[in-house]
1. Which whole-number percent is the relative contact order of segment 309-371 (Cα, under 8 Å, 6+ apart)?
2. Simple spin-label model, 7 Å along Cα-to-Cβ: Lys80 to Glu220 in nm?
3. For segment 254-371, what does the relative contact order come out to in percent, with C-alpha contacts under 8 Å and a separation of six or more?
4. Normalising by the residue count of segment 190-284, find the relative contact order in percent from Cα pairs under 8 Å and 6+ residues apart.
5. Beyond 32 Å between alpha-carbons counts as too far, so tell me which of Lys97/Lys340; Lys281/Lys338; Lys181/Lys281; Lys216/Lys248; Lys75/Lys97 fall in that bin.
6. Going highest first, how would you order 225-233, 267-275 by mean Cβ packing within 10 Å?
7. Sort 102-112, 316-326 by packing, meaning the average of other beta carbons within 10 Å per residue, with the highest value first.
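The numbers here are math on the coordinates, done by the rules we state, and not lab data. Quantities reported herein were computed from a predicted structural model and do not represent experimental measurements. Counting neighbours? That spans all protein chains shown, and the Cβs are built from the backbone with ideal geometry, glycine included.
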Amino acid sequence: MSKTGFFGRLLGRKGEESPPPEPAAPESAAPEAEAAPPPPPAPEPEPESPVEPQPAESEPEVEADTRQGWFARLKTGLSKSSSRLTQGIGDLFTKRKLDDEALEELEDLLITADLGVATAARVTRRLAKSRFGQDVDAAEIRTTLAEEITDILAPVAVPLAPDFGRKPHVVLVVGVNGAGKTTTIGKLAKHYRDQGRAISLAAGDTFRAAAVEQLKVWGERTNCPVVARDTGADAAGLAFDALAEARKRGDDLLFIDTAGRLQNKSDLMAELEKIVRVIKKQDESAPHDVLLVLDATVGQNAHSQVEIFREMVGVTGLVLTKLDGTARGGVLVALAEKFKLPVHAIGVGEKATDLRPFEAESFARSLVGLD
């Protein structure tokens, strides 16, 4: 659960940028409170409003608000998934004895909630061992479920930790069209750019003009150079040029966007393999990370996407997007149980601050509707 690594620290700091307006009000009010006695126009309630302890509390509130603000967004983002689970558990367990029938029904519910067969069996096994034949309620089931999910997710909750000494650290970003690759690249670029890092972007999805234009917009917003070519240009050649330019500038990070035409699987595989091959001519260790961006709304189809892209290009980590638009957020648990790949970040909204490092316990508790 700890936000180790540069990505965790930097995104944590990024999240702290939005709250300052709240503490600012008490700070400005504090001087007014001291100056209030001289100006007669100040009404009586005003000296009382900035209560003495408030300024002292304002500093801790910044940290608390940052964390609580993210948890609130995470809980809201997972509300569709959690309501499906909590309602199902509530319907099953209203002071009911935990017998074979109850365990079977719970297992079915967890599987239909996309948590996966292995996770469902694990949870029911634990309950059968500790509570079989006893009365249980929905709150107890949800607490046990959150604990088991946390245990499954904790080993894969690994922040992205670029090695900035590589100049550049190369991140190849893959995924099907529409999963959110380009937007994820833009958000990551913004976060690292805000920390003063030199970032460059490569528009490797050369067959989709919209993707190229979108990356250029992110480049303008973040003041990051974007290497782009005409529609249909060779993506591998573009990646090679982007790496050469990034090395020449001494950039810290290079994000390479890629095509995601999964319907032409053999062509896509050949293209991705070629990109990897040509960038290795300049840096044998590149790409240093291969991020697979998954759209949470596809549910169980995410399993086949992980298998396909892992076979194609050797995926090293996952980013799950659009969790706020689906009731199938439980699929992340099934993916962690099955593939054991690091989950670097999750997205629960459109804003750059809605892409954050993945935390096992907060996700688990939000998924089952616990505070």
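1. In percent, rounded to a whole number, it is 31.
2. The two pseudo-label positions are separated by 3.1 nm.
3. Rounded, it is 19 percent for segment 254-371.
4. Over segment 190-284, the number comes to 35 percent.
5. Lys97/Lys340; Lys281/Lys338
6. Order by mean packing, descending: 267-275, 225-233.
7. 316-326, 102-112
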